[in-house]
Number of protein chains: 2
Amino acid sequence: MTDPRRRALVLFSGGQDSATCLAWALERFDYVETVGFDYGQRHLVEMACRQRVLELIPAIKPEWRRRLGPDHVSDLTALHAASPSALTRNTEISAPAGGLPTTFVPGRNLVFLTFAAIMASQHALGRLVGGMCETDYSGYPDCRDDTIKAMQLALNLGMNQRFVIETPLMWLDKAASWHLAATLGGPALLELIRVETHTCYHGDRSHLHDWGYGCGRCPACTLRMSGWNTYSAALATAAP
Amino acid sequence: MTDPRRRALVLFSGGQDSATCLAWALERFDYVETVGFDYGQRHLVEMACRQRVLELIPAIKPEWRRRLGPDHVSDLTALHAASPSALTRNTEISAPAGGLPTTFVPGRNLVFLTFAAIMASQHALGRLVGGMCETDYSGYPDCRDDTIKAMQLALNLGMNQRFVIETPLMWLDKAASWHLAATLGGPALLELIRVETHTCYHGDRSHLHDWGYGCGRCPACTLRMSGWNTYSAALATAAP
């Protein structure tokens, strides 16, 4: 078995960010498994998208096909019960000025990272990879770099392990994430992420825009769209 | 509503340690809720014991009756799926020399603390109380003081809160825990903890020993019994 430092577990939701992280891990490590969390989130469509991405991404590079190991889905319906968030209930989604958006499940990423670490310790995977980002972030404290670093400390002390939590998107905005995807897997990966990943809070997949599927109005769509527009404009300018 | 610093959530399993912590919290805070975790553990008898303790403990002091709020049980069967532990499977329980006992669910307390924090944040409870102890502990890294302090940091950063995790038993051995119970609630609490709490890994409640129910042979029973014997002997010596 390879060195655990060459083996990674990617927290993979089926969204743009975690799909980019999956490609990043497939490019960087010898062996990669994926984990998803089912916690009664309203956009179950994301769970279908993640399956499609996992089916299609190995075709992009032969070494990615060799490196991609099994996917795991962990049932965290208890998170649904413990939290009042709009992502898990049918309340209105909004982002009050200066406040956390109502989609916030407090501590969600802490739970995900802990479960991922438990799974990783069983499978000798020494690297945890997540799409947390504090550049475009919507004020989620569990996406902050400080939080992730404190969590790495708590997990390593509490499980007597030497995990490293890698967050390749931490300091990138959404335009830079599109650029990273293009760098990792060229037009094929860009197209895969554009068409197959899901971001929209309302689970809208009725119409394919140039930036992907989605309602185009919720905070997640707005962020994805504006990142795509910035990325495309820069690309057009750079073209000869 | 009282100051969150006067309101506590006790991680209450139904064992000796967490029952002592519950009494400690009832003595110290204005308002106390409890949370238990059901993760397919083999000693479901512990879940029945916790109900009995919650029914009986308010009778010990009138202020305890006023302070005790609702109990919550969180379904964490996903922990069962993620972990290979003997507490959740039917494998043999043993404590290899120098190694972790096979009852170890790696990261269990990290998951419990994170769920407890999510619940506490919903109910404006600013103190989390747990029976973690590194004195008699069986090598569980998630019971260490370092781990708990790192976890407090990760939870507060990741949830934008000001929780304090209180671990009143951290530096006590089991004899000192029996003594603490006597100090908090006199003979009535001591008797309640002796008869109603559960420790035995095998779920044995066939015979009431002077130290409580249990097989008397598993590592948990051995620890409980020897703590009781030391406590009783000291008591006998101290008597006039």
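Structure notes:
- Within the span defined as region A:179-190, every residue fails to be part of a loop (DSSP other than H, G, I, E, B), among the polar types (S, T, N, Q) and modelled with pLDDT of 95 or more.
- Any hit, region B:189-205, residues being without any contact (Cβ under 8 Å) to a residue 40 or more places away in the chain, in contact with a Gly (Cβ under 9 Å, 6 or more places away or on another chain) and more than 22 Å from B:Ala59 (Cα to Cα): yes
- Sole exception among (1) over 25 Å from A:Val45 (Cα atoms); (2) surrounded by 16 or more Cβ atoms within 10 Å (Cβ to Cβ); (3) without any contact (Cβ under 8 Å) to a residue 60 or more places away in the chain for A:Ala234, by number: (2)
- Qualifying residues in region B:105-131 (those that are among the β-branched types (Val, Ile, Thr) and at the interface with another protein chain (Cβ under 7 Å from one of its Cβ atoms)) - the one nearest to A:Val105 (Cα to Cα): B:Ile118
- Considered as a group, the residues in region B:132-178 that are closer than 30 Å to B:Cys221 by Cβ and of a type in the set (Phe, Trp, Tyr) include one that is farthest from the other protein chains (Cβ to nearest Cβ), and that residue is B:Trp178.
- Restricting attention to region A:43-74, the residues that are at pLDDT below 90 and crowded, with 18+ Cβ neighbours inside 10 Å add up to 3.
- Region B:1-34: number of residues that are crowded, with 19+ Cβ neighbours inside 10 Å and without any contact (Cβ under 8 Å) to a residue 24 or more places away in the chain: 0
- Annotation for region B:192-211: at least one member residue is at pLDDT 95 or above, outside any helix (DSSP H, G or I) and under 19 Å from the mean Cα position of the chain (by Cα).
The values are calculated or read from the model by the stated rules, or taken from the named source; none is laboratory data. This is a predicted model, so every value here is computed, not measured. Cβ atoms come from the backbone with ideal geometry, glycine included; neighbour counts cover every protein chain shown.
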